[in-house]
Amino acid sequence: MDGTDLAHAALKASGVVKKGIGLKFGAIGAAVFCLVLILLGSFMPAPDAAAASCQDSGPGTDNATPVNSSSRGQSTGSIRQQQITNAKTIDQVAQKLGLPGRATLIALMTALQESGLQNLNYGDLDSRGLFQQRPSADWGTVEQIMTPTFAAESFFKGRGTNRGLMQIPNWQTRPMGEVAQAVQISKFPTLYSGHESEARGIAKEAGIDLGRKGTASTTSTADPATSGTTGKCPATPTGNTKNGSGKFTDGRQTWALHNPRTVEQAIAWAKAHAGINSTGDWYARCLAFTAIVYGWNFSGVTYAIDHYTVVPKEMRHDGDRHPPPGALMYWDTGHRAGHIAVYLGGGKVASNDILRNGYIDVVDADLIESKWGAKYVGWTPPVFPNGG
């Protein structure tokens with residue numbers, strides 16, 4: 001976005017209307033003030049590692065505010081109708097290609113970030129359309145890119161020298177924002193994931209089934225980060241999990257688990273995706289990470305600390321500091337969201353943001369308290385009542 005776009009956005013935000021010269025000058029003053037704030041924001045330093053906003057953004061989390069929403073104004077009226085129409089088109093293309101609802105969701109998140117899910121005839125340099133694809137970058141002609149079905153097919157299948165979603169290794173299980181970035185190659189790779197709640201809301205209004213299974217044989221090639229290396233687990237669970245994923249005990253009670261991954265698989269997956277193997281897509285996504293560790297696409301709860309309350313009361317271990325490996329541990333960080341991490345055993349947890357913003361690292365569990373000043377709440381078995 002150049003200076004002209006910033007000024008235009010500021011004027012729009014200030015509510016400039018043609019109702020007299022006094023009102024116009026007042027609104028322009030407000031717009032200048034907004035523009036100064038925007039420009040100042042671009043020079044603000046990145047936040048230090050903290051657990052102020054750990055949340056998930058799956059179904060049932062509409063009260064979560066999408067990060068840096070790019071719906072370009074109010075989500076009502078003609079703009080909302082355009083978004084719904086374009087969402088339906090994207091989903092129709094996905095279905096034609098035999099792709100599951102997850103592919104549609106990733107595409108909607110991407111289009112929301114790139115264009116506000118509108119078929120724009122302008123953009124940065126020669127970028128155009130729903131996904132702001134560039135003719136000069138081998139995405140097609142302007143006319144083709146401005147055709148929503150063509151643009152959506154390009155996003156899914158790739159075009160020219162550009163990879164599409166179907167060519168991204170393990171796109172079915174990798175964080176959705178990471179998959180979007182792998183296709184788009186944006187200067188702002190972390191912004192896609194913030195549009196999941198908004199994308200789900202639009203999909204619901206459009207009657208799109210995001211839980212739809214795919215029919216195409218789109219098994220991706222092995223991810224270099226998770227294949228051919230001793231000790232690393234596959235990105236998807238192996239073995240038969242139809243009859244549950246094992247049992248979990250605190251020494252007194254025993255509970256049956258029904259996660260896509262067993263405790264052993266989950267711990268192995270967490271370790272294999274931590275440290276040098278971690279992607280940088282996990283900032284403020286502690287709850288999403290714990291759900292994905294156990295094979296779920298989402299937890300179904302907005303904030304980490306709230307997940308403690310959706311777990312049945314008899315499974316909660318308030319203040320107990322002796323969780324079994326695989327348990328979920330919770331902290332009150334002094335912020336609304338709180339923090340959650342997967343206990344790996346030996347006093348270690350797999351946690352995002354504690355050493356590096358956006359990355360997963362294996363650290364001592366008590367570091368959450370000593371570094372962040374958090375208050376330990378307790379632990380629960382790895383159950384996700386609202387997960388999916």
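The values are calculated or read from the model by the stated rules, or taken from the named source; none is laboratory data. All values reported here derive from a predicted model rather than from experimental measurement. Ideal geometry is used to build each Cβ from the backbone, glycine not excepted, and the neighbour counts take in all protein chains shown. Quick note on the areas: whole protein, heavy atoms, side chains included, nothing else; ligands and nucleic acids left out. Shrake-Rupley method; radii C 1.70, N 1.55, O 1.52, S 1.80 Å.
Quick notes
- For Thr215 and Glu369, a Förster radius of 51 Å and the Cβ-Cβ distance give a FRET efficiency of 0.60, rounded to the nearest 0.05.
- Placing +1 on the Cβ of every Lys and Arg and -1 on the Cβ of every Asp and Glu, with nothing else charged, gives the range 274-376 a dipole about its Cα centre of roughly 80 debye.
- Other residues lying with their Cβ under 14 Å from the Cβ of Val311 contribute a combined charge of -3, Lys and Arg counting +1, Asp and Glu -1.
- Pairs beyond 23 Å (Cα-Cα), from Lys271/Lys313; Lys348/Lys371; Lys88/Lys187; Lys187/Lys371; Lys247/Lys313: Lys271/Lys313; Lys88/Lys187; Lys187/Lys371
- Per-residue HN-Hα couplings for the range 95-108 [Karplus 6.51, -1.76, 1.60; θ = phi - 60°; Hz; x = Gly/Pro]: 5, 4, 8, x, 8, x, x, 4, 5, 4, 4, 4, 5, 5
- Cα shape, the range 268-387, gyration tensor, a/c 1.5 rule: rounded
- Difference of contour (0.36 nm per residue) and Cα-Cα distance, Lys204 to Asp124: 25.8 nm
- Computed label-point distance, nm, for sites Lys247 and Ala137 using a 7 Å Cα→Cβ extension: 5.4
- For the range 298-357, accessible area per residue (1.4 Å probe, heavy atoms of protein chains only), Å²: 38
- Here the extension length gained between Thr279 and Asp318 equals 10.8 nm, from 0.36 nm per residue of separation less the Cα-Cα distance.
- Within the accessible area of the range 274-341 (1.4 Å probe), percent carbon and sulfur: 53
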